[in-house]
Amino acid sequence: MNDKTVASTQAQEKTEPNAPTDRWDTIRAALFNAAVLRLVSGFILLFYVTTHFINHALGLLSLSAMETMMDVGRAFWRFPPVSLVLYGALVVHVGSALTRFLRRRNLAMPIKEWGQLISGLLIPFLLLTHVMGTRHAFESYGINDSYEYVLMVLFVFSATSIYFNTAGLVMTWLHGCIGFHMWARLKPWYRGWVRDWLFAFAGLLPALAFGGYMSAGRALAPLAQDGEFMGGYYERLGVTDNAVWGQLGADIDFGYKLLFVALAFFVVARLAGALRLSRADSVDVAYQDGPQVSFPLGATLLEISQAKGVPHASVCGGRGRCSTCRVRITKGLEGQPPAEESERRVLRRVKAGTDVRLACQLRPAADLEVIRILPPDSTASNAGFTNPWASGREQRVTIMFCDLRSFTRTAEQKLAYDVVYLINQFSREMGVAVEAHGGQIDKFLGDGFMAIFGLDDKSNRDGARQALDACAKMIANLGTLNERLEGDLDAPLRMGIGLDTGTVVLGQMGYGRARGLTAIGDTVNTASRLESATKDENCTLCVSAQTMKSAGVRALPEQTKHFTLRGKRHHFDIAAINHPDELVDDVRANPPVGTIDQPMSVAQKREEV
């Protein structure tokens, strides 16, 4: 990131209204942030459901195992402070979700968000009987809501309840898993085997839970025909007055009426909001390389884009957790409301300037013109959450270009299958060498490739050394490959490598699936031309003086060339060599004037140290 952008970020933090002045302000802003509260409350509820499912799964062992685990869970969840946290989380989660939906100015949402909303609305209707028949029955009427009681209700007294209960549990688990996935997919650790194991757990746990209570229920149901067992059953419930069941049923009916009233109020509020929106003043938004649209005041910029069909990236679904929807405001910045702390925190993380805002958090108050910074089809895998350079920054790196020599003539004499086989074998051997020494393949170019070293090394000393060590390994691997393919080749494969170190622009560039991390700049052009220069110099490797200086090595006088590249006015020094071991490690080897010592390789000197 250049100094200008960093300076603008610092200026933003100093001049923005309502910016937190100390750590406590930041903590308070986080505690009272609706998105944070919704996320934390969701985790609490998901943990509760998970323990519930684990308890169900013990039915595969025995009813007594379920009861024992239930006693432990009941002691924990019904401890007054814990109950307060649990029901508080329920109120906060439902309330914040409904409030966020009511604040939306359009209903253009991804399928995952619709699935999360619909499942969330269905959960209370599906599980009300279960909740009131257990916790409410225990608190209001002293009914012992044991597993025996629950299973008898589901499998004997109200067989249809099992369908509602099962559907409610499925919806609850689905709702929680979607929410967790939408949050976790932005995290670096949520990749590879971690995500695979969590997906497996998400499918296996409910299956075990359903199998557990079905197994326990089917074992308990035949006992309902035993009069002696049923007598003890009612005694264990602690019910002395049969009128209790009628009162409990009336309470459940009243609960459903309240739910329908709440749903009706929710629908009316949504319609009233839409009516109010239709009468509100509008704001004009002009998208560079896009349309100019008009929309009523009060909507976020992301909602405006979605309502008007303007493609706009939003990996987190407009929750302010990622930065993929960010825009640069080119006109009308002064008329917009200031960013809240949650938005500023995300913008600071990507080192955004004062003219950058999150589209999902900005509610335009005046006409504006914007540039969408990331491509509209950005996803969690290509949006660069783990790479700070993904959205563009300047950095000093070492660029490598490698190309097979005279391979076109070899390919003309081979079948297509053989050509592809040879290229894949070469690419594999070179790619392994590059990645083993900290490099990253940028792109394969037919019978060659480009690689970047030093992405995580700001000084680029390690990057330049890693590139030289990678060259040594590549040369060794090519020798091994030639031995293996000796019977298939008329002549051994040869290659040329060019290395240069300098400042480039890094970023995710391209379109659709072809987009990826790449670098552009004069250093890239120089490395490419140095690779071509290996033909004229009849060598394997051409290394610029900048790379040698960064790596702390030097070439012998007879290896140094004063080189001129096409398009360059000035000469510059390069080393034209056949192996990196021919370079002298200046970190350790500084022979006295007048003597010529045997050159020591970078790798040899490192081993000596």
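The values are calculated or read from the model by the stated rules, or taken from the named source; none is laboratory data. Just so it is clear, the structure is predicted and the values come from calculations on it, not from any experiment. All Cβ positions, glycine included, derive from the backbone under ideal geometry; neighbour counts span all protein chains shown. Ligands, DNA and RNA are stripped out before the accessible areas are found, and what is left, the full protein with its side chains, is counted by its heavy atoms. Shrake-Rupley method; radii C 1.70, N 1.55, O 1.52, S 1.80 Å.
For a Förster distance of 41 Å, can you work out the FRET efficiency between the beta-carbons of F572 and R345, rounded to the nearest 0.05? Display every interim value, and only then the final one.
Values: r = 45 Å, r/R0 = 1.09.
It comes to 0.35.
With all pairs of different alpha carbon atoms counted, what Kirkwood hydrodynamic radius in Å does the range 194-340 show? Walk me through the numbers on the way to the answer.
Numbers: mean 1/r = 0.0444 Å⁻¹.
Here the Kirkwood hydrodynamic radius works out to 22.5 Å.
I'd like to compare 73-82, 142-151, 474-483: which one has the highest average count of other Cβ atoms within 10 Å, and what's the full order after that? Don't skip to the answer; put the middle values down first.
Values: 73-82: 12.1, 142-151: 18.8, 474-483: 16.1.
For the peptides 73-82, 142-151, 474-483, the packing ranking is 142-151, 474-483, 73-82.
How much length is gained if the chain between W193 and V36 is pulled fully straight, taking 0.36 nm per residue apart and subtracting their Cα-Cα distance, in nm to one decimal? Walk me through the intermediate numbers first.
On the way: separation 157, 0.36 × 157 = 56.52 nm, distance 2.73 nm.
Roughly 53.8 nm would be gained on extension.
Just round it to a whole percent: the fraction of Cα-Cα distances in the range 184-256 exceeding 19 Å. Show your work: numbers first, answer last.
Values: 1765 of 2628 pairs.
Tail fraction, whole percent: 67.
Between T480 and V268, what length in nm is gained on full extension when 0.36 nm per residue of separation is reduced by their alpha carbon distance?
Values: separation 212, 0.36 × 212 = 76.32 nm, distance 7.47 nm.
Additional length available on full extension: 68.9 nm.
How many angstrom separate the Cα center of the range 151-216 from the Cα center of the range 45-97?
Rounded to whole Å, the Cα centres lie 14 Å apart.
Using packing as a proxy for protection, rank 202-211, 170-179 so that the peptide with the highest average count of other Cβ atoms within 10 Å comes first.
170-179, 202-211
Can you pull the one-decimal nm distance between simple spin-label points at E139 and W77, each 7 Å off the Cα toward Cβ?
Using points 7 Å along Cα→Cβ, the separation is 1.3 nm.
How big is the range 402-542 by Rg and Dmax over its Cα atoms, in Å?
15.5, 46
Taking all protein chains as present, what is the carbon and sulfur share of the accessible area of the range 469-536, in % to the nearest whole number, probe 1.4 Å? Walk me through the numbers on the way to the answer.
Values: 1480 of 3140 Å².
Exposed carbon and sulfur together represent 47 percent of the surface.
Could you give each residue of the range 543-555 its phi-based ³J(HN,Hα) in whole Hz, using Karplus coefficients 6.51, -1.76, 1.60 with θ = phi - 60°, and x for Gly or Pro?
10, 6, 4, 5, 5, 5, 5, 5, 7, x, 10, 9, 9
Check each of the trypsin sites (Lys or Arg not before Pro) in the range 255-297 and keep only those in coil by DSSP with at most 16 other C-beta atoms within 10 angstrom; list them in order. Can you show the working numbers first?
Working: sites: K257, R270, R276, R279; in loops: R279.
Answer in residue order: R279.
What whole-number value in Å² describes the accessible area per residue of the range 81-203 for a 1.4 Å probe? Walk me through the numbers before you get to the answer.
On the way: 6200 Å² over 123 residues.
For the range 81-203, the solvent-accessible area averages 50 Å² per residue.
Just to be sure I understand the model, the point goes 7 Å from the Cα along the line to the Cβ. What's the resulting L102 to R236 distance in nm?
Reported label-point gap for L102 and R236 is 4.5 nm.
Accessible area per residue, 1.4 Å probe, Å², for the range 245-324: what's the number?
Details: 4070 Å² over 80 residues.
Heavy-atom accessible area per residue stands at 51 Å².
Multiply the residue gap between A184 and Q336 by 0.36 nm, knock off their C-alpha separation, and tell me the result in nm, one decimal place. It would help to have the intermediate numbers written out before the result.
On the way: separation 152, 0.36 × 152 = 54.72 nm, distance 3.12 nm.
Answer, rounded to one decimal: 51.6 nm.
Which part of the range 480-512 falls in the paramagnetic zone of D289, meaning amide N under 15 Å from the point 7 Å along Cα-to-beta-carbon?
Taking a point 7 Å out along Cα→Cβ of D289, the residues of the range 480-512 whose backbone N falls under 15 Å are 507-512.
Residue-wise, which Karplus ³J(HN,Hα) couplings in Hz belong to the range 351-360, taking 6.51 cos²θ - 1.76 cosθ + 1.60, θ = phi - 60°, and x for glycine or proline?
For the range 351-360, the Karplus curve yields 6, 7, x, 5, 9, 10, 9, 8, 5, 6 Hz.
Before I look further, what does the range 468-583 give for accessible area per residue, probe 1.4 Å, in whole square angstrom?
Accessible area per residue: 49 Å².
In whole percent, how big is the carbon plus sulfur part of the accessible area of the range 254-336, probe 1.4 Å, protein atoms only? The partial results should precede the final answer.
Numbers: 2550 of 4190 Å².
Carbon-and-sulfur percentage of accessible area, whole number: 61.
What are the aspartates and glutamates whose alpha-carbon lies under 14 Å from the alpha-carbon of K561, with same-chain residues fewer than 8 places away excluded?
Cross-link targets: D536, E537, D573.
Computed FRET efficiency, Cβ-Cβ of A366 and A436, R0 56 Å: what is it to the nearest 0.05? Don't skip to the answer; put the middle values down first.
Working: r = 55 Å, r/R0 = 0.98.
Once rounded, the FRET efficiency stands at 0.55.
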